[in-house]
Amino acid sequence: MMPSLHINLKKYRHNLLVLYNQLTSEGITVMAVTKVFCGDQRLVDVLNETEIEYLADSKIENLKQIKTNKPRVLLRIPQQSEVDDVVSYCDISLNSELDTVILLNESSMKKHLKHHIILMFDLGDLREGIYYREDYIAIVREILKLEHIELYGIGTNLTCYGGLIPSEVVYQRLEQIKDNIEKTFNIEIPMISGGNSSSLQLAFDHQLPKYINNLRIGEAFVLGRETAYGMQINSLYDDVFELHAEIIEIKDKPSMPEGELGFDAFGNKVAFIDEGIMKRAIIGIGRQEVHCENLIAPQGIRILGCSSDHLIVQIQEGDYNLGDTIKFKMTYAGILSLSTSRYLRREYDGDL
Ligand SMILES: *Cc1c(COP(=O)(O)O)cnc(C)c1O
């Protein structure tokens with residue numbers, strides 16, 4: 001049978017409720033990010049039962065499919081080729097290119113809609129957004145002229161590419177932008193979307209600047225951790241997602257290959273340390289589904305490596321036999337690739 005991705009709906013709901021209550025008490029609305037599990041409807045159904053204000057995903061394909069009454073937010077800057085879908089299937093999109101916003105306006109006009117945008121600013125992490133030192137006022141002036149576009153908010157994304165950690169200094173850059181736009185055009189910007197799971201620690205410490213009133217949260221809900229320092233959040237589960245995979249070979253073998261060594265299946269030279277004979281097992285999952293560095297083995301199992309279809313482990317302790325299932329926790333990248341693979345069954349635990 002295929003390996004399976006076990007998804008615990010109760011644990012997910014627990015993480016959602018605890019974190020959402022905490023953020024609400026800080027005056028912050030929440031976009032729950034569904035991209036890591038490809039908009040899985042069973043998890044969306046759990047979200048639908050909460051008070052969380054928005055659902056957000058980076059792919060229009062996911063936003064198109066999910067069933068929800070909550071506003072849908074497109075996280076990735078729209079491709080010019082998808083603007084018709086963007087205005088049809090989502091209520092709000094994150095943007096950084098005036099030309100694309102103009103296309104969104106034209107498409108909304110044809111459909112007699114008004115599309116909401118959040119204008120993104122790059123505060124130094126060097127992923128998406130208008131660079132904060134640039135002349136953004138001219139861009140905002142053009143956006144405000146567009147009749148079918150509403151400037152719903154401004155936002156920023158941190159700790160994603162450059163690893164920039166949210167701080168008072170970094171956030172002053174966004175506050176200045178907010179004040180400058182609001183004064184220049186005599187408007188009030190409803191939403192200031194200050195970041196993702198890497199801004200949680202500031203919020204917990206009551207240090208998130210008051211002007212920020214929204215966060216977009218993905219990882220913390222599925223792994224129970226903030227991402228500025230990688231700390232586990234008190235009382236949240238880190239195992240909403242679990243991989244179950246089967247032992248297909250178990251044998252005592254040496255720890256060193258024997259003979260002249262070339263390259264592995266992926267063109268890498270592999271270094272080995274001689275640890276003598278060890279109990280080794282092969283598990284029926286491989287790099288086509290997930291890279292082994294993104295799996296977290298249970299106590300007594302040590303991951304040695306993986307090829308396309310095989311995960312090789314050392315059994316250090318515990319009574320394991322051929323045909324047994326081994327359960328792994330995983331990193332964010334692990335959930336991402338396993339959710340995307342069609343070679344896994346999905347099983348849902350903790351039915352609601
Ligand atoms: C993925 C994404 C998020 C969510 O980030 P997490 O670290 O999973 O909380 C937020 N904003 C944008 C723009 C994203 O692409």
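The values are calculated or read from the model by the stated rules, or taken from the named source; none is laboratory data. Predicted model, so just to flag it, every value in this text is computed and none were measured. Positions of Cβ are backbone-derived with ideal geometry, glycine not excepted, and every protein chain shown enters the neighbour counts. These accessible areas exclude ligands, DNA and RNA; they are computed on the full protein's heavy atoms, side chains included. Shrake-Rupley method; radii C 1.70, N 1.55, O 1.52, S 1.80 Å.
General observations
- Cysteine residues of the chain whose C-beta has no other cysteine C-beta under 4.7 angstrom: Cys38, Cys90, Cys160.
- Alpha-carbon Debye profile of the chain, log10 I(q)/I(0) at 0.08, 0.15 Å⁻¹: -0.47, -1.23
- For the chain, the share of DSSP beta bridges that are antiparallel, to the nearest 5, is 45%.
- Annotation note: chymotrypsin sites (Phe, Trp or Tyr not before Pro) in segment 246-352 located in DSSP loop regions with a Cβ neighbour count of at most 16 within 10 Å are Phe263, Phe266, Phe272, Tyr343.
- Qualifying trypsin sites (Lys or Arg not before Pro) in segment 59-120, where qualification requires a DSSP coil assignment and no more than 16 other C-beta atoms within 10 Å, comprise Lys59, Lys67, Arg76, Lys111, Lys114.
- In segment 41-124, taking the dipole from charged Cβ atoms about the Cα centre, the farthest positive-side position among Tyr89, Ala56, Leu104 is held by Tyr89.
- Cβ charges +1 (Lys, Arg) and -1 (Asp, Glu), total dipole of segment 283-352, debye: 240 debye
- For segment 1-154, the Rg and Dmax computed from alpha carbons only, in angstrom: 17.1, 59
- Straight-line cross-link partners of Lys210 among the lysines, defined as a Cα under 24 Å from its Cα and at least 8 positions apart when in the same chain: Lys178, Lys183.
- Zone of Glu49's modelled label, taken as backbone nitrogen in segment 3-25 under 11 Å from a point 7 Å along Cα→Cβ: 9-14
- Rg over Rh for segment 129-239 works out to 1.03, both radii taken from alpha-carbon positions and Rh defined as the Kirkwood radius.
- Computed [θ] at 222 nm, helices only, for the chain once each DSSP H run of length n ≥ 4 contributes -39500 (n - 2.57): -8000 deg cm²/dmol
- Principal axis dimensions, segment 235-352 - Cα atoms, whole angstrom, descending: 55, 33, 27
- Kirkwood-Stokes translational diffusion coefficient of segment 170-221, alpha-carbon pairs, 10 °C, 1.306 mPa s, µm²/s: 133 µm²/s
- Anchor Lys251: lysines whose Cα lies under 28 Å away (excluding residues fewer than 8 positions away in-chain): Lys269, Lys279, Lys327, Lys329
- Relative intensity, log₁₀ I(q)/I(0), of segment 12-63 from a Debye sum that treats every alpha carbon as a point, q = 0.13, 0.19, 0.22 Å⁻¹: -0.30, -0.61, -0.79
- Histogram of C-alpha separations across segment 143-189, 5 Å bin width, %: 5, 17, 23, 20, 15, 12, 8, 1
- A protection proxy built from the mean count of other Cβ atoms within 10 Å ranks the segments 31-43, 176-188, 235-247, 97-109, most packed first, as 31-43, 235-247, 97-109, 176-188.
- Per residue, the solvent-accessible area of the chain (1.4 Å probe, heavy atoms of protein chains only, all protein chains present) comes to 48 Å².
- In this structure, Asn268 and Ser81 have a Cβ-Cβ separation that, at R0 = 35 Å, corresponds to a calculated FRET efficiency of about 0.45.
- The apolar share of the surface of the chain, taken as the fraction of accessible area on carbon and sulfur atoms (1.4 Å probe, ligands and nucleic acids excluded), comes to 47 percent.
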